[in-house]
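Inspection log for the structure reproduced underneath, given as structure tokens.
The values are calculated or read from the model by the stated rules, or taken from the named source; none is laboratory data. Fair warning: this is a prediction, and the values are worked out from it, not measured in the lab. Cβ placement follows ideal geometry from the backbone for every residue including glycine, while neighbour counts extend to all protein chains displayed. Note: accessible area is taken over every heavy atom of the protein model, side chains too, but ligands, DNA and RNA are not part of it. Shrake-Rupley method; radii C 1.70, N 1.55, O 1.52, S 1.80 Å.
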Amino acid sequence: MNGANFVVHALKEQNVTQVFGYPGGAIMPLYDALFDGGVDHLLCRHEQGAAMAAIGYARSTGKVGVCIATSGPGATNLITGLADALLDSIPIVAITGQVPTHLIGTDAFQEVDVLGLSLACTKHSFMVETAEQLGPIIEQAFEIATSGRPGPVLIDIPKDIQVGPSVAYALAQLADTQKPLDQNLISHSKLLISEAKKPLLYVGGGVGMAKAVSELRTFIEQTQIPSVCTLKAIGCIQHDSTYFMGMVGMHGSKASNLAIQECDLLIAVGARFDDRVTGKLDEFAQHAKVIHLDVDAAEIDKLRQVTISMTDDLKQVLPAITVQPSIEQWQQHISEMKVTHANRYDHPGEPIFAPALLRQLAETMPADTVICSDVGQHQMWVAQHMFVDRPENHISSSGLGTMGFGVPAAVGAQVARPNDTVIAVSGDGSFMMNIQELGTIKRKQLPVKILLIDNQRLGMVRQWQELFFNGRFSETILTDNPDFVTLASAFDIPGETIVVKSQIEQALQRLLNSDGPYLLHVSISEEENVWPLVPPGAANDQMMESVG
Amino acid sequence: MNNTLTIEAKHSPEFLERLLRVCRHRGFSIVSINATIEQQLTHIELTVSSDREITLLTKQLDKVIGILTVTLLASSGNIKASA
């Protein structure tokens, strides 16, 4: 067994059944091993697409996503995907080929210092220097990717290690190192919760990563504490939970942002006080004590000094701090705010109103549909107006905000969950960033549905130019877009364009009922903006809701 | 404000790069550094300067795979000894 065969063997030992990648010179031995090695490989049409497909696979299943690329440009093309996985704490193992050991440092063909490149965009990275290291490194990579706060890990393997003899390695039995809860902190937390008059749960993506959705829902059910969530936590709380107000932050719901500013106890669960959530940090939940529950100790007191913190497993902590406060007035106030500030879908004229379209799609789509959003205005409309009830069903580039994410992520999700409907919601700017992945959809005949919301603009940037740059629309006008339906048809993907409200219902049926992939291209006005908006530098209760 | 740290880590060829990148990225400039490698362990004595709280750096260093201990040589004493 050579090193490359050993890698495939080790992947199988880690229960990997599916990988995404793109071959090239320095990784050819591994591709030879994959040819009949028993692990399915999906050829993406760009390494960035492979990384994002691996992310979609990981996020839709909770498993580790694996992507593979060659040295040099193959590895550099992975970098954006790795950064995306780092910011969203997604368990990814990336394997790159490297030039043979004796050529490293000679500026050989397709040589780049991948280990050096990886330092800022991975949780950890390895360069394999000897055959003996291969087994332990692969095992450690999977352990690091999944343990604590998950993240991407890169393994760079020189070609001579791939073709040389392997060294047998038995998987180590890793001990469970979970420590007992600190009962003083638990008691103190319960006291704060029981004494609070206006407690609020601020739920982040860490809940889904910790697989603690069930514990969170039980906590909410038993305490009836009102809640808000971050972009990445959408799906953790059932959308119709009585006191759940939706997303908080820059484009959060008005009720969420007002509740945050009014609360007297903020319970942050798997959240990190990101600037898109807090707005002006000094004024964020200004009157609140804070209980911060997060597995990453580096997040504690990083941006907000907290009253109590615990870095234990959320599955343990949430049941332990469950106590029902007496907060009827606060609950009544939250209920009233939810009604007063509910989303409105009345919209004049025939042109399509994207929020209403997305709401209609959410009401029509099958249960357990996976939504993979791209980045921009449509991403915020998805977050505001669609509803999903599992975090695995809302896949959105939250931390890095990577345009081009939606379609390849949908490819990965569809491969992972072939029996579920997968919808990529994209914009005309984002769609063009990884348009080559239509080739992957065609190659595998993946039934990915694409909802393309087209305002012939880089809409979110245009919105900011309108609001904050005196309407100087610098390089955001895309009236020269290609004909997207024709473009899709070149990849054997049928589709249609709709422009008025009366076309929506039947078009959504055709999208959802198509056996294979389908493109629904929706033309909307460039004047539509995302509201509400907390402007830069403002506190969360200073939301803009429209402009005259 | 200057703070002096001692760091013990498993030796790896790129360890110093990892350390220096975290310091720079988190807003700490290097005032002085001394590194020795002994029996596959890297020992670092590091003085950094920043307006930021030193715990912002030490918590990030604690997360670096391969770092075994980070100790602040100041009145606040030992911050963490992780395995």
> Restricting attention to segment B:1-33, and to residues there that are more than 12 Å from chain A (Cβ to nearest Cβ), open to solvent by 50 Å² or more (accessible area, probe 1.4 Å) and within 11 Å of the chain's Cα centre (by Cα), which single residue is nearest to A:Glu129 (Cα to Cα)?
Replying inline: B:Glu8
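Tell me, which residue of segment B:62-75 that is more than 21 Å from A:Ala141 (Cβ to Cβ) and aliphatic (A, V, I, L, M) is nearest to the other protein chains (Cβ to nearest Cβ)?
As a first pass, look at segment B:62-75 and keep what is more than 21 Å from A:Ala141 (Cβ to Cβ): B:69-75.
Next, from what is left, pick out any that are aliphatic (A, V, I, L, M): B:70, B:72-74.
Details: B:Val70: 12, B:Leu72: 15, B:Leu73: 21, B:Ala74: 18 Å.
Only one residue tops the list, namely B:Val70.
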> How many residues does segment A:304-330 hold that are within 14 Å of another protein chain (Cβ to nearest Cβ) and either touching a Leu at 6+ places or on another chain (Cβ under 6 Å) or within 22 Å of A:Phe219 (Cα to Cα) (or both)?
Replying inline: 3
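State which residue is farthest from A:Ile234 (Cα to Cα) when the search covers only segment A:274-297 and only residues that are among the acidic types (Asp, Glu) and within 14 Å of chain B (Cβ to nearest Cβ).
To start, the set of residues in segment A:274-297 that are among the acidic types (Asp, Glu) comprises A:274-275, A:282-283, A:294, A:296.
Pick out the ones that are also within 14 Å of chain B (Cβ to nearest Cβ) and you get A:294, A:296.
Numbers: A:Asp294: 17, A:Asp296: 20 Å.
This residue is A:Asp296.
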>> Looking at segment A:398-423, I want the residues that are under 16 Å from A:Gly439 (Cα atoms) and have a partner that is open to solvent by 10 Å² or more (accessible area, probe 1.4 Å) and assigned to a helix (DSSP H, G or I) with Cβ atoms under 6 Å, at least 6 apart or on another chain. Which pairs are those?
In response: A:Gly404/A:Met433; A:Gly412/A:Tyr57
> Could you say which residue among A:Ala94, A:Ala141, A:Ala108, A:Ala145 is under 23 Å from B:Gln60 (Cβ atoms) and more than 14 Å from chain B (Cβ to nearest Cβ)?
Replying inline: A:Ala94
>> Can you tell me which of (1) open to solvent by less than 40 Å² (accessible area, probe 1.4 Å); (2) modelled with pLDDT of 95 or more is the one B:Ser82 doesn't meet?
In response: (2)
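Quick grid of which residues meet (1) under 21 Å from A:Thr76 (Cβ atoms); (2) open to solvent by 70 Å² or more (accessible area, probe 1.4 Å):
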site	(1), (2)
A:Ile137	no, no
A:Ala141	yes, no
A:Ile144	no, no
A:Ser147	no, no
A:Pro150	no, no
A:Ile155	yes, no
A:Pro158	yes, no
A:Gln162	yes, no
A:Ala170	no, yes
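Return yes when A:Ile144 is outside any loop (DSSP other than H, G, I, E, B) and more than 28 Å from A:Gly270 (Cα to Cα) and no when it is not.
Values: outside any loop (DSSP other than H, G, I, E, B): yes; more than 28 Å from A:Gly270 (Cα to Cα): no.
Judged against the criteria, A:Ile144 is not a match.
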> Only one of these conditions is not met by A:Leu87: (1) within 14 Å of another protein chain (Cβ to nearest Cβ); (2) under 24 Å from A:Arg443 (Cα atoms). Which number is it?
Replying inline: (2)
> Residue check: is A:Glu129 away from chain B (no Cβ under 14 Å) and of a type outside the set (A, V, I, L, M, F, W, C)?
Replying inline: no
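Would you confirm whether or not segment A:193-208 contains a residue that is within 30 Å of A:Val99 (Cβ to Cβ), assigned to a loop (DSSP other than H, G, I, E, B) and touching a residue at least 12 places away in the same chain (Cβ under 8 Å)? Outline the logic, then answer.
First, pick out the residues of segment A:193-208 that are within 30 Å of A:Val99 (Cβ to Cβ): none.
Checked against the condition, which is being within 30 Å of A:Val99 (Cβ to Cβ), assigned to a loop (DSSP other than H, G, I, E, B) and touching a residue at least 12 places away in the same chain (Cβ under 8 Å), segment A:193-208 yields no hits at all.
Listed here are the residues, each with its yes/no results for (1) open to solvent by 10 Å² or more (accessible area, probe 1.4 Å); (2) among the charged types (D, E, K, R).
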| residue | (1), (2) |
| --- | --- |
| A:Ser373 | no, no |
| A:Met380 | yes, no |
| A:Phe387 | yes, no |
| A:Gly399 | yes, no |
| A:Gly406 | no, no |
| A:Ala409 | no, no |
| A:Gly412 | no, no |
| A:Asp420 | yes, yes |
> Failed condition for B:Leu68, given (1) surrounded by 17 or more Cβ atoms within 10 Å (Cβ to Cβ); (2) modelled with pLDDT of 95 or more, with all others met?
Replying inline: (1)
>> With the condition being farther than 30 Å from A:Ile104 by Cβ and without any contact (Cβ under 8 Å) to a residue 40 or more places away in the chain, I'd like the strands (runs of 3 or more DSSP E) fully within segment B:1-54 carrying at least 2 qualifying residues.
In response: B:29-38
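Counting only residues that are of a type outside the set (Gly, Ala, Ser), at pLDDT below 95 and more than 21 Å from the chain's Cα centre (by Cα), give me the helices (runs of 4 or more DSSP H) lying completely in segment A:1-96 with at least 1 of them. Working first, answer last.
Numbers: elements: A:3-13, A:28-35, A:47-61, A:73-87.
Once the helices (runs of 4 or more DSSP H) in segment A:1-96 are filtered for at least 1 residues that are of a type outside the set (Gly, Ala, Ser), at pLDDT below 95 and more than 21 Å from the chain's Cα centre (by Cα), nothing remains.
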>> If A:Met365 meets every condition in (1) farther than 29 Å from A:Ala268 by Cα; (2) aliphatic (A, V, I, L, M); (3) open to solvent by 10 Å² or more (accessible area, probe 1.4 Å); (4) in contact with a His (Cβ under 9 Å, 6 or more places away or on another chain) apart from one, which number is that one?
In response: (4)
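Quickly run through segment B:37-60 and pick out the residues that are open to solvent by less than 90 Å² (accessible area, probe 1.4 Å) and either at the interface with another protein chain (Cβ under 9 Å from one of its Cβ atoms) or of a type in the set (Val, Ile, Thr) (or both). Walk me through how you get there before you give the answer.
Pass one, segment B:37-60, residues open to solvent by less than 90 Å² (accessible area, probe 1.4 Å): B:41-44, B:46-50, B:54-60.
Correct list: B:Thr42, B:Ile44, B:Thr47, B:Val48, B:Ile54, B:Thr55, B:Leu56, B:Thr58, B:Lys59, B:Gln60.
Here is a yes/no grid of residues against (1) in contact with a Pro (Cβ under 9 Å, 6 or more places away or on another chain); (2) of a type outside the set (A, V, I, L, M):
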site: A:Gly208; (1), (2): yes, yes
site: A:Val213; (1), (2): yes, no
site: A:Leu231; (1), (2): no, no
site: A:Ser256; (1), (2): no, yes
site: A:Val269; (1), (2): no, no
site: A:Val277; (1), (2): no, no
> When residues of segment A:294-308 are filtered for being touching a strand residue (DSSP E or B) at 6+ places or on another chain (Cβ under 7 Å) and free of Cβ contacts under 8 Å to residues at least 40 places away in the same chain, how many remain?
Replying inline: 3
> In segment A:483-496, what residues are without any contact (Cβ under 8 Å) to a residue 12 or more places away in the chain and surrounded by 13 or more Cβ atoms within 10 Å (Cβ to Cβ)?
Replying inline: A:Ser489
>> Can you say whether A:Gly116 is away from chain B (no Cβ under 11 Å), free of Cβ contacts under 8 Å to residues at least 24 places away in the same chain and surrounded by fewer than 18 Cβ atoms within 10 Å (Cβ to Cβ), as far as the supplied structure shows?
In response: no
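Here are A:Ile504, A:Ile453: which of them is at pLDDT 95 or above, under 23 Å from A:Glu350 (Cβ atoms) and either among the hydroxyl-bearing types (Ser, Thr, Tyr) or under 23 Å from the mean Cα position of the chain (by Cα) (or both)? Write out each step before concluding.
Details: A:Ile504 fails: either among the hydroxyl-bearing types (Ser, Thr, Tyr) or under 23 Å from the mean Cα position of the chain (by Cα) (or both).
Checking each option against the conditions leaves just A:Ile453.
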